[in-house]
Amino acid sequence: MAPKKNNLILGLIVLSQFAGTSLWFVGNAVLPELKIALDLNQYAVSLVTSAVMLGFVAGTLVFAFLSLADRFSPAKIFFISSLAGAFFNTAVVWFAKDSATLFILRLLTGFFIAGIYPVGMKIAADWFEKGLGKALGFLLGALVLGTAFPHLLKNNDFNLPWKSVLYFTSMFAFAGGVIMLLFVGDGPYRKKSGGFKWNAIGIIFKSKKLRQASFGYFGHMWELYTYWGFIPVMLALYASENSLTYNVPLLSFLIIACGSLSCIIGGYFSQIIGSAKVATTALFISLTCCLISVFIFSLPAWIFLTVLFIWGLSVIPDSPQFSTLVAQHAPEELKGTALTIYNSIGFTVTVFSLFIIDYVYHSNSFIGGKNTFALLAIGPMLGIIPMLRMIKNK
């Protein structure tokens, strides 16, 4: 494939992924208004975030069990999922009356994100047989921007009404699906599965290196989305304790969005030192941020924010490299299923992390409140172990 066309395709995939994943954290961005409008309780962060995650887990299980991304056109699946996700995102405006209906609608949105995020990676893998770590670095960078985007819409400079934020992200996600269907399509390296395989998951996890990459990813997922979900809470807590006024939505956007840059840089480094070393380095840095988080709330604002930005930079660049390793060590005809199932397990870990961290944060124990976030270190600690083994045995 010609380099210019190569770059154009990658740019379109990145744009489509950015648009589709803007559905992910829109509930968190408009959470203050939702709490008032729907009378949500103190556990609203975990309620809204985990609803999307549970829906995503359910969706990935269905997609993986039926091997949809390997049996049918990934570009068409991406488009249909973008359309459905946009509908259920908008439906919050029309039908959400309380926490129960909000939970269901966010869950359904998450279900169809399962046809956007991992399927987008499958499409990238089908277009870029070589340099996949670099391509997925750009793709996950788009996911990071998509995740952060709703916070930008809610910052003090725009301050759009919460209903407008939902409408805008839905239209954006739909447009991303159209771009993927009409201008990207299925890649030249796609290998279609012969049909439904009931034992596909067992076949996938026979690979030792795939298992090591997956367990590294599961540790990473204990930390990632819980950190992202609690960034506004951490900023508001620091501002309250130190009598400061922050533009919390804008800072939340910047802290999450800076990870898109590290994803891209990590993609380039993966071509020099390999995906496993890039992922392991990121885990070590984010682990350090987790451990020192208990001290930063009593430090000057510039140190507090510096740590949050370093954390934002280090918490995500391992993700595209884990996906690269999984794609490289999965059976060719089950690559889409492998990417989907490992995402499913990873996001199940995320749901447990969200509920546990949210519960501990609101508890009156000595590990509650601002000390809670050190518990996120559990994930990187466990994730580093299999990655070091992979590097040693390479």
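Brief remarks follow.
- Each Cα pair under 8 Å and six or more residues apart adds its sequence gap; the mean of these over the residue count of the range 3-392 is a relative contact order of 27 percent.
- Measuring r between the beta carbons of residue 37 and residue 237 and using R0 = 30 Å, the FRET efficiency lands at 0.80.
- A Förster radius of 22 Å, combined with the Cβ-Cβ distance separating residue 288 from residue 371, puts the computed FRET efficiency at roughly 0.85.
- Rounded to the nearest 20 debye, dipole of the chain from Cβ charges on Lys, Arg, Asp, Glu: 1260
- Every pair of different Cα atoms in the range 22-158 enters the Kirkwood calculation, which places the hydrodynamic radius at 15.8 Å.
- Residue-averaged [θ]222 nm for the chain, counting only DSSP H segments that reach four residues, each worth -39500 (n - 2.57): -25500 deg cm²/dmol
- Gain upon complete extension [residue 183, residue 297; 0.36 nm per residue less C-alpha separation]: 36.3 nm
- Kyte-Doolittle mean at least 0.5, axial Cα span of 15 Å or more - DSSP H helices of the chain: 3-21, 44-65, 74-95, 99-113, 132-153, 162-179, 248-273, 275-296, 301-314, 335-361, 378-392
- Extended-chain gain in nm, criterion 0.36 nm per residue less alpha-carbon gap, residue 98 and residue 360: 91.9 nm
- At full extension, residue 168 and residue 191 could sit 4.7 nm farther apart than now, given 0.36 nm per residue minus the alpha carbon distance.
- Dipole of the chain [Lys/Arg +1, Asp/Glu -1 at C-beta], most positive-end residue of 390, 321, 121: 390
- Note on residue 72 and residue 268: with the Förster distance fixed at 35 Å, the Cβ-Cβ geometry gives a FRET efficiency of about 0.60.
No lab work stands behind these numbers, since they all come straight from the coordinates. These numbers come from a predicted model, not from an experiment. Backbone-built Cβ (ideal geometry, glycine too); neighbour counts: all protein chains shown.
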